[in-house]
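Notes for the one structure printed next.
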Amino acid sequence: MNDALTLPFVVSVDYTSKHRDGDGIGTGVADRGDPYTYAHREKKFEAKVGGGVEKKINTGGLIGAALYYHYLQGREDQSFNNPGWPYLYSYEGFPLHKEHRVEMKFAGEWELTPSVALRMGLNPFYGWVVAHDFKQSSVENFTDDISSDGYAWGINASLGGTVKFSRFALEPFINGGYRSLRLEGDGDQRNGTGLITGFRKIDQNRSEWSIGGGFSILFDL
């Protein structure tokens, strides 16, 4: 917009596909020595769009804020097979996860002295989990089908800076965050004829803490 005011924006799309296969020998009492095969497929899709404002301040630093919409979708499929029985477990959509998330980003940079600058960031988010589905089937022709939904939220904070010397600069940083996931739902178990043989209910709570840090060295050649 001008020398002091910038309006950044971003549009991004990410897609990841991973395939894993393996085999081995069973070690349990009932299947010791039996061969097993394993297959795992994982697919993830994410899209993000948003923007914000960044402004220079008179002290020689910057302040910024942004708002983003983030869509997340992921699916995993796993199967275990023992051709000798045969004995098969299949986890379809383990799980199928869809989430709409709103993210905010706040950032600041201050020049304390000509050779020392301080930076900080704060990134909270809130997400609506519209689908978190789990399916499981076995060779006995029993199938579990459970659907749940809920919400997720979290926050990440970072602090770093730059210390300049005559021929190089150090840029240390630390960051930490917290994430929480809450899901509730229900489903049923059916036999091979489609008859309901039981009901299922899920109530899942998960919390995660993270902390990290490091530094980079910039040489003036």
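At-a-glance table
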{"read-out": "Within the range 172-221, tally of residues that are in contact with a Lys or Arg (Cβ under 6 Å, 6 or more places away or on another chain) and not in a strand (DSSP E or B)", "value": "1"}
{"read-out": "Enumeration of residues in the range 4-23 that are closer than 21 Å to Met104 by Cβ, part of a strand (DSSP E or B) and either more than 18 Å from the chain's Cα centre (by Cα) or of a type in the set (Lys, Arg) (or both)", "value": "Leu5, Thr6, Phe9, Val10, Val11"}
{"read-out": "Some residue of the range 32-44 being over 20 Å from Glu99 (Cα atoms) and exposed (fewer than 11 other Cβ atoms within 10 Å of the Cβ)", "value": "yes"}
{"read-out": "Hits in the range 186-221 - residues which are surrounded by 10 or more Cβ atoms within 10 Å (Cβ to Cβ) and charged (D, E, K, R)", "value": "Asp186, Asp188, Arg190, Arg200, Lys201, Asp203, Arg206, Glu208"}
{"read-out": "Pick from the range 199-221, criterion touching a Leu at 6+ places or on another chain (Cβ under 9 Å) and closer than 30 Å to Asp186 by Cβ, ranking: modelled with the lowest pLDDT", "value": "Ile202"}
{"read-out": "Pick from the range 57-72, criterion buried (at least 16 other Cβ atoms within 10 Å of the Cβ) and not aliphatic (A, V, I, L, M), ranking: farthest from the chain's Cα centre (by Cα)", "value": "Gly61"}
{"read-out": "Matching residues in the range 92-119 - criterion: being buried (at least 17 other Cβ atoms within 10 Å of the Cβ) and either touching a helix residue (DSSP H, G or I) at 6+ places or on another chain (Cβ under 8 Å) or farther than 30 Å from Ile202 by Cβ (or both)", "value": "Lys105, Ala107, Glu109, Ala117, Arg119"}
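Conditions (1) modelled with pLDDT of 90 or more; (2) of a type in the set (Phe, Trp, Tyr); (3) under 30 Å from Ser216 (Cβ atoms), marked per residue:
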{"position": "Phe94", "(1), (2), (3)": "no, yes, no"}
{"position": "Glu103", "(1), (2), (3)": "yes, no, yes"}
{"position": "Met120", "(1), (2), (3)": "yes, no, yes"}
{"position": "Trp128", "(1), (2), (3)": "yes, yes, no"}
{"position": "Asn141", "(1), (2), (3)": "no, no, no"}
{"position": "Tyr151", "(1), (2), (3)": "yes, yes, no"}
{"position": "Asn156", "(1), (2), (3)": "yes, no, yes"}
{"position": "Leu159", "(1), (2), (3)": "yes, no, yes"}
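The values are calculated or read from the model by the stated rules, or taken from the named source; none is laboratory data. Source: prediction; values computed, not measured. Please note: Cβ atoms are built from the backbone with ideal geometry, for glycine as well, and neighbour counts cover all protein chains shown.
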